[in-house]
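*Asks:* Have a look at this one before I ask anything.
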Amino acid sequence: MAVKKVGILTAGGLAPCLSSGIGALIERYTEVAPEVEIICYRSGYKGLLLGDSFVVNQTVRDNAARLHKRGGSPIGNSRVKLTNVADCVKRGLIQEGQDPLAVAAEQLRKDGVDVLHTIGGDDTNTTAADLAAFLRQNDYELTVVGLPKTVDNDVIPIKQSLGAWTAAEQGARFFENVVAEQNANPRMLIVHEVMGRNCGWLTAATADSYTQSLDQLEFLPDAGLSRERDEVHGVYIPEMEFDLEKEAARLRGVMDELDCVNIFISEGAGVETIVKEMQSRGEEVPQDAFGHYKLDAVNPGKWFGQQFAAMIGAEKTLVQKSGYFSRAARANEKDLALIKSCADKAVDCAMAGQGGVVGEDEERGDELRAIEFERIRGGKPFNKNAPWFVDLLSAIGQPHDSQQLQTS
């Protein structure tokens, strides 16, 4: 089937690759198939359901490189699950009695789209899989090719998600300023909450990037400017269980010696424990369209801060979240190179009629390919035994072993 028209949408949360991903796709099509018309759906699957799109004109094609210099998504995102009929009706995206998949398919048919490119995480791409399956069952020839975006870096079986490297770098940059707040109060506990619902990769990588940034600074201990006070003193991720009392005792020693403690926590760490506590008090924990607990309501950073503060004798606790700062950043050079290689491959696959999510397939020797939709899923755990992470914990004096310690 000859490709005449392509649609692009971005969905889910932001990541430092969306704007550049759009730009890279536009550049590649302009390079290899300039005759192909490109449209962008505004606000992800919401725009697709509502038929809200615009044509990528020649001015945009000529200046697509500008998109590499910006963060966010200029065409807009939304969290819409096409199989969650009730949510789509509630939000006014479809009428009562309509099937979101059928509405989306009809819109694509109406728009004459031959290829749909989705840029998003596991939720976005599993939704794309649902749509692709529906289209096949209804004899509509359309190729869906996704690009993997998530700061969590937790998409199975993809080696590296677009934007994750940048998010770690930006989270480290964020904390470079926040850490100075320790000077504002004696016995200060600073909690840096990092994005990562089920995967601790971003928290670990952010802590590692921040630690490396300290190597570039000069210190003056005799004037109170010591590296020890700026260091990360604890890293807590969903993949690691720990003894809260033992960790508090260790951190109490740090507090007594340095007059401050800095800890990095994944937003998904301890969620199950916190949710159980909230529900035991009769509180209702809100969920999103995909059935995930809304982490701003659970607030793990606040919970950990309260737990540790009392046990280590903190006089003040400061909880800071780097997520919005990090996820809306422009892609760094390392991510730009990955985005370009994935976008080029995505266009090649689209022109050949090969659907799937383009990434380095860990189960196929890290081959860059269109990975079958049915193999895509979220929740890939971070390898807590990665040598660089083991070295990080060792350097800060935090215990690490293969045993599952009790959290309470």
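*Asks:* For Lys5, what charge total do you get from the other residues with a beta carbon under 11 Å from its beta carbon, if Lys and Arg give +1 and Asp and Glu give -1?
*Replies:* Result for the neighbourhood of Lys5: -3.
*Asks:* Further, regarding this structure: List the residues whose amide H sits under 5 Å from the amide H of Gly200, counting only those 5 or more places along or on another chain, with H placed 1.01 Å from N in the peptide plane.
*Replies:* It is Glu239, Phe382, by chain and number.
*Asks:* Moving to a separate point now. Report the percentage of all Cα-Cα pairs in segment 127-259 whose separation exceeds 23 Å, rounded to a whole percent.
*Replies:* So the pairs more than 23 Å apart make up 50 percent of the total in segment 127-259.
*Asks:* Follow-up. What range in the chain is the longest one free of GluC sites (Glu not before Pro) that are in a loop by DSSP and have at most 16 other Cβ atoms within 10 angstrom?
*Replies:* The reported range is 142-217.
*Asks:* About the Cα centre of segment 32-185, what is the dipole size in debye to 20, counting +1 per Lys and Arg Cβ and -1 per Asp and Glu Cβ, all else neutral?
*Replies:* 360 debye
*Asks:* Next question. In a shell of Cβ-Cβ distance under 13 Å around Gly76, excluding Gly76 itself, what net charge do Lys and Arg (+1) and Asp and Glu (-1) give?
*Replies:* That works out to +2.
*Asks:* What dipole magnitude, in Debye to the nearest 20, does the chain give about its Cα centre under +1 on Lys/Arg Cβ and -1 on Asp/Glu Cβ?
*Replies:* 1080 debye
*Asks:* Which of the three applies to segment 188-274, rounded, prolate or oblate, going by the alpha-carbon gyration tensor with a ≥ b ≥ c and a/c under 1.5 meaning rounded?
*Replies:* oblate
*Asks:* Give the ranking of Asp361, Asp62 by solvent-accessible surface, highest area first, calculated with a 1.4 Å probe.
*Replies:* Asp62, Asp361
*Asks:* Turning to a different aspect of this structure: On the full set of protein chains, 1.4 Å probe, figure out the accessible area of Ile119 and give it in Å² to the nearest 10.
*Replies:* Approximately 0 Å² for this residue.
*Asks:* Please list the non-local residues whose amide H lies under 5 Å from the amide H of Leu225, H modeled 1.01 Å from N, same-chain partners needing a gap of 5 or more.
*Replies:* For Leu225, the qualifying residues are Leu220.
*Asks:* Once the Cα atoms of helix 333-351 and of the chain are each reduced to a long axis, what angle between those two axes, in degrees from 0 to 90 to the nearest 10, is obtained?
*Replies:* 30 degrees
*Asks:* Tell me, what HN-Hα J-couplings in whole Hz come from the Karplus equation 6.51 cos²θ - 1.76 cosθ + 1.60 at θ = phi - 60° for each residue of segment 100-106, using x for Gly and Pro?
*Replies:* x, 4, 5, 5, 5, 4, 5
*Asks:* Let me ask something else about it. Along each of the three principal axes of the Cα atoms of segment 46-157, give the extent in whole Å, ordering the values from largest to smallest.
*Replies:* 43, 34, 28
*Asks:* Now a separate question. What are the ³J(HN,Hα) couplings of segment 61-66, residue after residue, when phi is run through the Karplus curve with 6.51, -1.76, 1.60 and θ = phi - 60°? Round to Hz, x for glycine and proline.
*Replies:* 4, 5, 10, 4, 4, 4
*Asks:* Leaving out same-chain residues fewer than 8 places away, which lysines sit with a Cα under 16 Å from that of Lys4?
*Replies:* Within the straight-line limit of under 16 Å, Lys4 reaches these lysines: Lys110.
*Asks:* So how far apart, in nm, are the two label points at Asn57 and Ser394 if each is 7 Å from Cα heading toward Cβ?
*Replies:* Computed distance between label sites Asn57 and Ser394 equals 6.0 nm.
*Asks:* Still on this structure, I have one more. Tell me the net charge near Asp123. Cut-off is 13 Å between Cβ atoms, Asp123 excluded, with +1 for each Lys or Arg and -1 for each Asp or Glu.
*Replies:* -1
*Asks:* Determine which residues of segment 318-341 fall in the zone a paramagnetic label at Arg66 would reach in this model, i.e. backbone nitrogen under 18 Å from the point 7 Å along Cα→Cβ.
*Replies:* Label zone hits: 330-331.
*Asks:* Here is a follow-up. For segment 1-61, state which chymotrypsin sites (Phe, Trp or Tyr not before Pro) are in a DSSP loop and have at most 12 other beta carbons lying within 10 Å of their beta carbon.
*Replies:* none
*Asks:* Which of the residue pairs Lys69/Lys340; Lys149/Lys340; Lys340/Lys380; Lys46/Lys81 have a Cα-Cα distance greater than 19 Å in the structure shown?
*Replies:* As for pairs spanning more than 19 Å Cα to Cα, those are Lys340/Lys380.
*Asks:* Counting only Cα atoms, I'd like the Rg/Rh figure for the chain, Kirkwood definition for Rh.
*Replies:* Over the Cα atoms of the chain, Rg/Rh equals 1.02.
*Asks:* P(r) for segment 141-185: what percent of alpha-carbon pairs falls in each 10 Å bin, starting at zero?
*Replies:* Reading the bins upward from 0: 23, 30, 24, 15, 6, 3, 0.
*Asks:* Continuing with this model, one more query. Please give the length that would be gained between Asp99 and Gln306 if that part of the chain were fully extended, namely 0.36 nm times their separation in residues minus their C-alpha to C-alpha distance (nm, one decimal).
*Replies:* 70.0 nm
*Asks:* Also, quick follow-up: By how many nm would the segment from Phe219 to Ser280 grow when fully extended, if each residue of separation counts as 0.36 nm and the alpha-carbon distance is taken off?
*Replies:* Result: 17.2 nm gained on full extension.
The values are calculated or read from the model by the stated rules, or taken from the named source; none is laboratory data. Keep in mind the model is a prediction, meaning the values are calculated, not measured. Reconstructed Cβ throughout: ideal geometry from the backbone, glycine too, with neighbour counts over all protein chains shown. Ligands, DNA and RNA are stripped out before the accessible areas are found, and what is left, the full protein with its side chains, is counted by its heavy atoms. Shrake-Rupley method; radii C 1.70, N 1.55, O 1.52, S 1.80 Å.
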